[in-house]
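The values are calculated or read from the model by the stated rules, or taken from the named source; none is laboratory data. This one's a predicted model, so the numbers in the text were calculated from it and none came from an experiment. Positions of Cβ are generated from backbone atoms using ideal geometry, with glycine treated the same way; all protein chains shown enter the neighbour counts.
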Amino acid sequence: MTSSASRAGSLRCSRRSFFVACSLAPLARPALAEQATIEILQFAFAPTEAEVAVGATVTFTNLDLVPHTATGKGFDTGSLNKGESRVITFSEAGDFPYLCAFHRHMKGRILVR
Amino acid sequence: MWRVISTSAHLALALSDDPKVREFAELMISDHEAVNRAALDLLKKLKAEPQDNAFSQALLKGARDSWTRMAKLSGKEFDQSYAANELAYHQTVNGVVGGAFIPNVENGELKSLLGSALSTFQAHEKHAEHMVADIGS
């Protein structure tokens, strides 16, 4: 009896902890990445969207046969041939949509928080 | 294919003032040059020689007829003809590369190169579709 009451108390306690943890979970943001890699393959940026911390570096690597760029407000990788990479540092918070200057249907986005 | 696309593109750069047509032509020169370079590098590595075949000969003959016809055009007539021609050409090539070449190639490196080339030409086909729609017929 004591034992069951104790077990019931323990269950109540762990349930309460679970609900508290669940309600606080949205407030506990995971740390934002300080580095990210965007691959350019088959005429697409992968991943299409990346979220990084202020000051993060993003490496763009072209794996396609043809040259591409990642060009957005305030940054430009320049022409990247197959196998070439360029590292861009995002030192200000903001939303940075970009595209390939040669193939304008290719679009991506960097969110800097 | 490089020869056909490149000659058509140079014709467009000589005869068109439309920025969309000129942008497409410049893209065809740089992209197909990159694909052609990769293909030649692979052939060299495989110690193989590029060879003419019935398909490439038919493409070249069709292209020569188109160049003769298009060289007599100017302005919007030329732009429409070039755009329609590029769309038709890429549709034909993509059908053959995807439907006949890739399934029948056994060498893994060549298959991979053809797959990359096909994704390039498919992007060009979509671009050509937009160009045809923008220029009108």
Could you tell me which residue of segment B:12-40 is nearest to B:Gln80 (Cα to Cα), considering only residues that are in a helix (DSSP H, G or I) and away from chain A (no Cβ under 14 Å)?
-> B:Val21
Test: B:Ser81 is more than 11 Å from the chain's Cα centre (by Cα), modelled with pLDDT under 95 and surrounded by 14 or more Cβ atoms within 10 Å (Cβ to Cβ) | no
Out of the residues in segment B:101-137 that are within 14 Å of chain A (Cβ to nearest Cβ) and hydroxyl-bearing (Ser, Thr, Tyr), state the one that is surrounded by the most Cβ atoms within 10 Å (Cβ to Cβ).
-> B:Thr120
Go through B:Gly62, B:Gly98 for me and flag whichever is of a type outside the set (A, V, I, L, M), within 14 Å of chain A (Cβ to nearest Cβ) and over 21 Å from A:Phe102 (Cβ atoms).
-> B:Gly98
Could you say whether any residue in segment B:41-59 is within 13 Å of another protein chain (Cβ to nearest Cβ) and over 20 Å from B:His127 (Cβ atoms)?
-> yes
Only residues in segment A:37-52 that are within 12 Å of another protein chain (Cβ to nearest Cβ) count as the first member; pair them with residues that are of a type in the set (A, V, I, L, M), Cβ under 7 angstrom, at least 6 apart or cross-chain, and list the lot.
-> A:Ile40/A:Leu63; A:Leu41/A:Leu63; A:Phe43/A:Met106; A:Phe43/B:Ala123; A:Ala44/A:Met106
Within segment A:61-113, tally of residues that are within 14 Å of chain B (Cβ to nearest Cβ), out of contact with any Phe, Trp or Tyr (no Cβ under 8 Å at 6 or more places or on another chain) and in a strand (DSSP E or B) | 2
